[in-house]
Structures are given as structure tokens and as C-alpha cells.
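What follows is a short report on a single structure.
Just so it is clear, none of the values below were taken in a lab; they were calculated from the coordinates. These figures come from a predicted structure and were not determined experimentally. Glycine gets a Cβ as well: all are built from the backbone with ideal geometry, and neighbour counts include every protein chain shown.
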Amino acid sequence: MTDSNHLPDRDPALRVTPLPADVNIHGDVFGGWIMSQADIAGAIVAERSAGGRVVTVAVNEFVFKHPVAIGDLVSFYGEAVRVGTTSIAVEVEVYAQRRPEDVEVYKVTEALITYVAVDQEGKKRKIRSG
Ligand SMILES: CC(C)(COP(=O)(O)OP(=O)(O)OC[C@H]1O[C@@H](n2cnc3c(N)ncnc32)[C@H](O)[C@@H]1OP(=O)(O)O)[C@@H](O)C(=O)NCCC(=O)NCCS
């Protein structure tokens, strides 16, 4: 995982801005909101690797390094770091861009999420890379 105050030089899987319903009374974004968006971003990457449908089997690691505030532009970068027989581990790095008038970039979260490739009945299947 990289640790910088610059956005990675690749496309994010997902980019989104939290809304008022996503923050607590102090104006910080709920960790659960970040977790759900990271799960969505990781699944996008995993489905590309798996060549089809996946389900989340485990959240192996989740580290919140900086708070996210309302108005931040939040970018989720995913990379498949291990492809097994039926599973794919995706590293998700989350960056927040703050204050459009004087942009600051913070790496706010790092996560490792594992997905399992499944068929239309939801049963695990062997991965065809694609
Ligand atoms: C995901 C699911 C299909 C796996 O079925 P299973 O028969 O229990 O699978 P297994 O125990 O054989 O594990 C399948 C793969 O996941 C991996 N895995 C299982 N638990 C894991 C964990 N805690 N961390 C990392 N990998 C894990 C296994 O190593 C295996 O990988 P491999 O085939 O690449 O070697 C099944 O558990 C399921 O449907 N779970 C619910 C998924 C879901 O609804 N997710 C959304 C949550 S709301």
C-alpha cells in the first residue's frame, strides 16, 4: 500500500461525495459509510478479475487513518492483490480531496477485502481470469 498525500496515478474504481445523512453530529463521515463504499469499489475490481459475479466473504483489514468530512471528494482505488481458486483479495485505498479552493489530499483509509466468485445460484465457482 502506498502512503502519500497525492492521488495514485490510475483511475479510481469509485469516486463519490458524502451527503448530510452520511455524517455524525460533528460533521465527520460514519466509518460504515466508508466501509460500504469500499466494499462496492472492491467488488467492481473483483468482478473484473473473476469475470463475473462475486460476493464479499471477508473484511480482512480496515484502517481509518484520517476522518472524512462532508464536502470531501472521496476516491476509492482497488487492486487485486491475490487471486486464488475461487477468491480474490482486493486492496482498497481511499483518498479524500478537501477544500476545492485550496485542494488538500489525504489518504483516509486502507482496507483488504476478500470476495468469492459465485454462479447465478450464489454457489462458489472457479475463477476464470478476464
Ligand atoms: C462466500 C461463500 C459462497 C463461500 O462458500 P464456502 O463454501 O464457505 O467457501 P470456502 O470456505 O471454501 O472459501 C472459499 C474461498 O474463500 C476464501 N475465504 C474464506 N474465508 C475467508 C476469510 N475469512 N478470509 C480470506 N479468504 C477467505 C477461502 O480461502 C477460499 O478461497 P480459494 O478458493 O481461493 O482458496 C459463502 O460463504 C457465502 O455465500 N457467504 C455469504 C456471502 C455474502 O452474502 N456476502 C455479502 C455479505 S452481506
Does residue 41 satisfy being surrounded by 15 or more Cβ atoms within 10 Å (Cβ to Cβ) and of a type in the set (A, V, I, L, M, F, W, C)?
-> yes
Residue 46 being of a type in the set (A, V, I, L, M) and surrounded by fewer than 13 Cβ atoms within 10 Å (Cβ to Cβ) = no
Scanning the stretch 86-98 for residues that are in contact with an Asp or Glu (Cβ under 9 Å, 6 or more places away or on another chain) and either away from the ligand (no atom under 16 Å from the Cβ) or without any contact (Cβ under 8 Å) to a residue 40 or more places away in the chain (or both) gives 93, 94, 96, 97, 98
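Matching residues to (1) near the ligand (Cβ under 10 Å from one of its atoms); (2) in contact with a His (Cβ under 9 Å, 6 or more places away or on another chain); (3) under 12 Å from residue 46 (Cα atoms):
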{"site": "70", "(1), (2), (3)": "no, no, no"}
{"site": "75", "(1), (2), (3)": "no, no, no"}
{"site": "78", "(1), (2), (3)": "no, no, yes"}
{"site": "84", "(1), (2), (3)": "yes, no, yes"}
{"site": "100", "(1), (2), (3)": "no, no, no"}
{"site": "118", "(1), (2), (3)": "yes, no, yes"}
The strands (runs of 3 or more DSSP E) lying entirely within the stretch 1-90 that contain at least 3 residues which are aliphatic (A, V, I, L, M) and over 12 Å from the mean Cα position of the chain (by Cα) are 54-64, 73-83
